[in-house]
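This report concerns only the one structure given below.
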Amino acid sequence: MRAALSWSLKHDEVELALRLGGALRWFWNLAGYFSEGRSWLEAALGKEGSASAEVRAKALAGVSWLASDQGDLERAEVAAEEVLKLNTEAGIGSEVAAEFKNLLGKLATIRGEHEQAARLGEEGLALYQEAGDKPGISWSLGKLAVLSAERGDYERAKQLYEEAIALSRQLGSVSLLAQDLGNLGYTLLLEGDLERATELNQEAADLYRKQGRRGVSMSSSTTWGGRHSCEETTTSPGTFTKTVSSSAKIWVTERSPQRAWKVWRAVP
């Protein structure tokens, strides 16, 4: 794919480059190739040439997700605003619009606008349901669960996580399954159910290791405090569980997602 992207950029095949980048945006996001993914997408978006609104929107959405995961909220918001403008000027399809709603919801969460984030998340879920996009439905359920946990509604969070996990198991979606298992485990840990939390988190860690994942997404920036990047290493279940406990303690006693995030980043 790198060769294809390089060729399309070299020969000014802008729409092809944007299509390739847009299609790869979730791989880059879930596999932890944040910088590389952004570099390809920014290069394609910087080229002069025609491309459909939907193709450009997917590439911009990729930039915004990757930028937010890197902590570059300014670029994430600018890219999101560009998508909003495209959506106003031309219909971009319910599935892309649903992704966009979730993207704006994530940014609203980072700004502390939780009610706005929940509204956008519900709208995104409705659009995925309308399109019959089951992976999108599962993903949206997980995002709404994170928001519910952030607002202290753990019962609602657990319900949403269970729905997302059941659907991910049905679809065989390992990445979404691992993420939601980890997040549900953290929620249970906050409630004091250490045994069940450890079981879920170890299952999540096993799934990530089996995938050979370079970057591990264990939660949103609001609930776990961010994204843990393992680079080229793997994390043992024992270390993983200890980190969960440390992160939870910081979150419960200090309500500090920033410090909890640093704990995650320190995992060997």
Quiz item: Among THR198, THR241, which is the only one that is among the β-branched types (Val, Ile, Thr), surrounded by 17 or more Cβ atoms within 10 Å (Cβ to Cβ) and at pLDDT 85 or above?
Solution: THR198
Quiz item: Are there any pairs, at least 6 apart or on different chains, whose C-beta atoms fall under 9 Å, with the first in segment 119-136 and surrounded by 15 or more Cβ atoms within 10 Å (Cβ to Cβ) and the second not in a helix (DSSP H, G or I), and if so, which?
Solution: LEU127/ASP133; ALA131/GLY93; LYS134/SER173; PRO135/SER173
Exercise. Of the numbered conditions (1) at positive phi; (2) small (Gly, Ala, Ser); (3) touching a residue at least 60 places away in the same chain (Cβ under 8 Å), GLY49 fails exactly one; give the number of that condition.
Key: (3)
Quiz item: Of all residues in segment 155-192, how many are among the polar types (S, T, N, Q), buried (at least 23 other Cβ atoms within 10 Å of the Cβ) and farther than 16 Å from ASP133 by Cβ?
Solution: 3
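Matching residues to (1) part of a helix (DSSP H, G or I); (2) at pLDDT below 90; (3) basic (Lys, Arg):
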site: LEU141; (1), (2), (3): yes, no, no
site: VAL146; (1), (2), (3): yes, yes, no
site: ALA149; (1), (2), (3): yes, yes, no
site: GLU155; (1), (2), (3): yes, no, no
site: TYR161; (1), (2), (3): yes, no, no
site: ARG169; (1), (2), (3): yes, no, yes
site: LEU181; (1), (2), (3): yes, no, no
site: LEU184; (1), (2), (3): yes, no, no
site: GLY192; (1), (2), (3): no, yes, no
Self-check item: Residue list for segment 123-139, restricted to those being of a type in the set (Asp, Glu) and either assigned to a helix (DSSP H, G or I) or within 15 Å of LYS106 (Cβ to Cβ) (or both)
Solution: GLU123, GLU130
Practice problem: Quick one: which helices (runs of 4 or more DSSP H) lie wholly within segment 1-59 and hold at least 2 residues that are charged (D, E, K, R) and under 28 Å from SER175 (Cα atoms)? | Solution: 14-31, 34-45
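The values are calculated or read from the model by the stated rules, or taken from the named source; none is laboratory data. This structure is a prediction, so every number in the text was calculated from the model and none was measured. Backbone-built Cβ (ideal geometry, glycine too); neighbour counts: all protein chains shown.
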